[in-house]
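Structure record follows, encoded as structure tokens.
The values are calculated or read from the model by the stated rules, or taken from the named source; none is laboratory data. What you see is a predicted model; the values in this text were computed from it and never measured. All Cβ positions, glycine included, derive from the backbone under ideal geometry; neighbour counts span all protein chains shown.
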Amino acid sequence: MTAPRVAVLGSGANGSSIGADLVDAGVDVTLVEQWPAHVEAIRADGLTIIQPHGARTVHPRTLHLCQVAEERHPFDVVLIVMKAYDTRWAAELIGSALAPDGVVAAVQNGLTTDAVARAVGEHRTVGTVIEVSATMTEPGVVHRHTPPPRSWFAVDAGARGDRVADLLAHAGTVARFADIASAKWMKLVSNASVLVPTALLGAPMLDAIGVPGMRATMRDAGREALAVGRARGHRMLPIFGLEDSDLTESDEVVDRMLDILYDRFVVAGATTTVLQDWSKGRRSEAEDINGLIAAEGARLGVPTPVNAEIVRLARAVERGELEPGPSVAPALTGATSDQ
């Protein structure tokens, strides 16, 4: 059997981390990236991944986005590792270079699976969940805080997910879920609790949760997300190390998720992707996380005051009206009912 041709579409911090693991595993992988300087740095000097116990440099084939149209041989598997708001156009772009029996996996935050399915067809779409921590501030160099033994993925349990699961197993632990939509919502619950709230304080995740009142705010944001998920028909599932026993008391699930996340995946100095985007002057995924929860809560009649306040503050940051930092804490912690 011919080895599959794989593309990692979106080769920022997480995409590059996964891509480097695939290179080390001998996979025929091509990185596709929209930051020109990053592409040229990899081509010139290779891709360097710095992890807690050392660094390595790999030399993957790397394309600019505009070069997708030049591909003569289709890809069998595409891993989209871009911002949630870039999913639709990215899936449309890569669809022209996808093999007839190829699959596309949205290895992203947010509820992006449907956007991929609309672009390439449901029969070629694989739902996934990602829990990887990495940062990139200079082209060609990634700081990966969670090496493969501490990274985690979930993949649709259907047969078309097999190839994706096999690939991601080179980059972390892989769990399979028949109800991948609920697994993705559970990850959204986690993201709603952590990504934007800690970014609003302009602080690393470990520092932010210690600010008085912040854990209660993070917990309540997650509890609202759980309530909206139940209204949508999603089930609570044991993602990234949760046990079934952790799901018996719904009011405690978010606290348990925070405990596991901070114990297994968060390292000193690590900031969220949202704060990384803001520090680069870029739009974040706040609308696809807390904004989505607030919008769905309004549609379904589920109160989401904490998520609504979080996204209000995030919008102010992205309009240039508010600077992330400790001064935002009173507005954040004031949104929760339990001080």
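Mind listing whichever residues of the stretch 282-333 are in a loop (DSSP other than H, G, I, E, B), in contact (Cβ under 8 Å) with a residue 40 or more places away in the chain and in contact with a helix residue (DSSP H, G or I) (Cβ under 8 Å, 6 or more places away or on another chain)?
Here is the first cut: in the stretch 282-333, the residues in a loop (DSSP other than H, G, I, E, B) are 282-285, 289, 301-304, 319-325.
Narrowing further to those that are in contact (Cβ under 8 Å) with a residue 40 or more places away in the chain: 283-285, 289, 301-304, 323-325.
Passing the criteria: ARG283, SER284, GLU285, ILE289, GLY301, VAL302, PRO303, THR304, GLU323, PRO324.
I need every pair where a residue in the stretch 214-243 that is farther than 21 Å from TRP152 by Cβ and aliphatic (A, V, I, L, M) has its Cβ under 8 Å from the Cβ of a residue that is in a loop (DSSP other than H, G, I, E, B) and at pLDDT below 95, sequence separation at least 6 or different chains.
From residues that are farther than 21 Å from TRP152 by Cβ and aliphatic (A, V, I, L, M), the pairs are ALA216/THR336; ALA216/ASP338; ALA216/GLN339.
Of the conditions (1) over 25 Å from TRP35 (Cβ atoms); (2) among the charged types (D, E, K, R); (3) surrounded by 22 or more Cβ atoms within 10 Å (Cβ to Cβ), ARG144 fails just one. Which one is it?
For ARG144, the failing item is (1).
Hey, can you tell me all the residues within the stretch 303-323 that are among the aliphatic types (A, V, I, L, M) and under 23 Å from the mean Cα position of the chain (by Cα)? Don't jump to the end; show me each part of the working.
Here is the first cut: in the stretch 303-323, the residues among the aliphatic types (A, V, I, L, M) are 306, 308, 310-311, 313-314, 316-317, 322.
Of everything in the stretch 303-323, those that are among the aliphatic types (A, V, I, L, M) and under 23 Å from the mean Cα position of the chain (by Cα) turn out to be VAL306, ALA308, ILE310, VAL311, LEU313, ALA314, ALA316, VAL317.
Which one of ALA199, ALA208, ALA270 is closer than 24 Å to VAL317 by Cβ and touching a strand residue (DSSP E or B) at 6+ places or on another chain (Cβ under 8 Å)?
On the way: ALA199 fails: touching a strand residue (DSSP E or B) at 6+ places or on another chain (Cβ under 8 Å); ALA208 fails: touching a strand residue (DSSP E or B) at 6+ places or on another chain (Cβ under 8 Å).
Residue meeting the stated conditions: ALA270.
Filter the stretch 69-92 down to residues that are within 18 Å of VAL29 (Cβ to Cβ) and without any contact (Cβ under 8 Å) to a residue 40 or more places away in the chain and give me whichever is surrounded by the fewest Cβ atoms within 10 Å (Cβ to Cβ). Full working, then the answer.
Looking only at the stretch 69-92, we keep the residues that are within 18 Å of VAL29 (Cβ to Cβ), and these are 70-82, 90.
Add one more test, that the residue is without any contact (Cβ under 8 Å) to a residue 40 or more places away in the chain, and what stays is 70-72.
Working: GLU70: 9, GLU71: 17, ARG72: 5.
Step by step, filter the stretch 69-92, then rank; the result is ARG72.
Residues checked against (1) small (Gly, Ala, Ser); (2) over 20 Å from GLY202 (Cα atoms):
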position: GLY269; (1), (2): yes, no
position: THR273; (1), (2): no, no
position: TRP278; (1), (2): no, no
position: ARG282; (1), (2): no, no
position: GLU285; (1), (2): no, no
position: ASP288; (1), (2): no, no
position: ALA294; (1), (2): yes, yes
position: PRO305; (1), (2): no, yes
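State whether the residues of the stretch 290-303 include one that is touching a Pro at 6+ places or on another chain (Cβ under 7 Å) and either modelled with pLDDT of 90 or more or more than 30 Å from GLY172 (Cα to Cα) (or both).
So in the stretch 290-303, the residues touching a Pro at 6+ places or on another chain (Cβ under 7 Å) come out as 297.
Restricting the remaining residues to those that are either modelled with pLDDT of 90 or more or more than 30 Å from GLY172 (Cα to Cα) (or both) gives 297.
Looking for residues that are touching a Pro at 6+ places or on another chain (Cβ under 7 Å) and either modelled with pLDDT of 90 or more or more than 30 Å from GLY172 (Cα to Cα) (or both), one finds at least one in the stretch 290-303, hence yes.
Of the conditions (1) touching a Lys or Arg at 6+ places or on another chain (Cβ under 8 Å); (2) modelled with pLDDT of 95 or more; (3) farther than 18 Å from ALA183 by Cβ, ASP251 clears all except one; give me its number.
All conditions are met except number (2).
Taking the conditions exactly as written (touching a helix residue (DSSP H, G or I) at 6+ places or on another chain (Cβ under 6 Å), of a type outside the set (D, E, K, R) and touching a residue at least 12 places away in the same chain (Cβ under 8 Å)), does VAL116 satisfy them or not?
Working: touching a helix residue (DSSP H, G or I) at 6+ places or on another chain (Cβ under 6 Å): yes; of a type outside the set (D, E, K, R): yes; touching a residue at least 12 places away in the same chain (Cβ under 8 Å): yes.
So VAL116 fits the description; yes.
Looking at the stretch 196-225 only, could you name the residues that are in contact with a Leu (Cβ under 9 Å, 6 or more places away or on another chain), closer than 16 Å to PRO330 by Cβ and either in a helix (DSSP H, G or I) or outside the structural domain of ASP277 (by TED's automatic domain parsing) (or both)?
Our first condition is that a residue be in contact with a Leu (Cβ under 9 Å, 6 or more places away or on another chain); within the stretch 196-225, this holds for 196-205, 207-209, 211, 213-215, 217-219, 222, 225.
This time we only want the ones that are closer than 16 Å to PRO330 by Cβ, so: 197-198, 200-203, 208, 211, 213-215, 217-218.
Listed by number, the residues that qualify are PRO197, THR198, LEU200, ALA208, MET214, ARG215, THR217, MET218.
Can you find even one residue in the stretch 268-279 that is touching a His at 6+ places or on another chain (Cβ under 6 Å) and modelled with pLDDT under 95? Lay out the reasoning, then the answer.
Within the stretch 268-279, the first condition is being touching a His at 6+ places or on another chain (Cβ under 6 Å), and the residues that meet it are 270.
Now drop any that are not modelled with pLDDT under 95, which leaves 270.
Yes, that holds for at least one residue.
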